[in-house]
Amino acid sequence: PPVPMQGGALSPEEELKATVLQLRETVLQQKETIGSQREAIRELTGKLSRCEGTDGKSAAGAWKNEVGKGKDTMGDLPRDPAQVIDQLSRTMQTLKDRLESLEHQLRANVSYAALPSDLREMLQRRLGDLERQLLSKVAELEDEKSLLHNETSAHRQKTETALNALLERVSELEKGNSAFKSPDEFKVSLPLRTNYLYGKIKKTLPELYAFTVCLWLRSSASPGIGTPFSYAVPGQANEIVLIEWGNNPIELLINDKVAQLPLFISDGKWHHICITWTTRDGMWEAFQDGEKLGTGENLAPWHPIKPGGVLILGQEQDTVGGRFDATQAFVGEMSQFNIWDRVLKAEDIMNIANCSINMPGNIIPWVDNNVDVFGGATKWPVETCEERLLDL
């Protein structure tokens, strides 16, 4: 159906239809006019024939009689029969000319009446153009829809990728296998006494002539907390070991030599532990929560710590990197395990313990990407240093 034009105006198709109707009405009126004029022509032709068939005198007498009676059937026609005939001839010719003109107009109108077929063709062409435009627009819309679908799919895939990444991140946080806000703000949890839960320091030690080891730990295991850390090298599994085994006191082993330390850390609270040692006279010191509790000497004097070994958290090594004994395993949590290649001053150790300064080890710093966990050991965000202090 035709669509009305804006502002109430007729569409081209409606205008054409209205024109056709007007032409048809004009043709009918002209046919009626032609019919009436043909009747007039036949009447005049009859009169002309009668005039031509009568005698001129009798005709003149008849006209005179008619005039004498006061009747003039021809109106302004002259009284001379020759003039009457000439006038009738001119009138006849005029009527014929008018008739031919009307016939020409009729034929022209009839040709105009044939316009509907042309109109249909034009409308079909117009509808074909509109249909092609519509199909083109539909194709464009389909393309846009396809592009939109592709963009939506890409956006959905990107969203799903981001969600999956977040889920993996959450899973890692739940498992503890991730970096935390700060590379040192994590702890290693070893909740069971087994021979397969442990942590491993990726870096190894260089040759050392002195060292300081500090760490935070919390354990309530009994008897003994086990082995917080051990360092083994080829040919010597007990190069450096800190262990509390059974009912024995905490012991420091260097090159398989033993010193007992006056430390008491199996109460289930966080404690800060520092141990210093130098090869000169084998002197050692033991600090707990920033306070020096013991010192000694002759612990593997003049023995340099050998390089290239394996440093394990939570297990005592009988061979380099292996043969763990569950009875010697550490049970609890530890954090901030740092090693320096020198003996730290007592003032520095106190400041580290009371959270005044943060001094990462220059040989082994406590950073997430330097610690691997195995066997079910986990990494978790650690309590702040101040919170650990409140636990003392």
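Please identify the GluC sites (Glu not before Pro) of segment 249-342 that satisfy two criteria: DSSP loop assignment and at most 16 other Cβ atoms within 10 Å. Which are they? The qualifying sites are E297. With the highest mean first, a sort of the peptides 145-154, 217-226, 29-38 on other beta-carbon atoms found within 10 angstrom per residue produces 217-226, 29-38, 145-154. Solvent exposure of segment 255-380, expressed per residue, is 42 Å² of accessible area, with all protein chains present and a 1.4 angstrom probe.
Taking 0.36 nm per residue of sequence separation and removing the Cα-Cα distance, the A139/M122 pair yields an extension gain of 3.6 nm.
Considering segment 186-390 at the alpha-carbon level, its Rg and Dmax are found to be 15.2, 43 Å.
The values are calculated or read from the model by the stated rules, or taken from the named source; none is laboratory data. Just so it is clear, the structure is predicted and the values come from calculations on it, not from any experiment. Glycine also receives a Cβ, built like all others from the backbone with ideal geometry; neighbour counts cover every protein chain displayed. Side chains included, ligands, DNA and RNA excluded: accessible areas come from the protein's heavy atoms. Shrake-Rupley method; radii C 1.70, N 1.55, O 1.52, S 1.80 Å.
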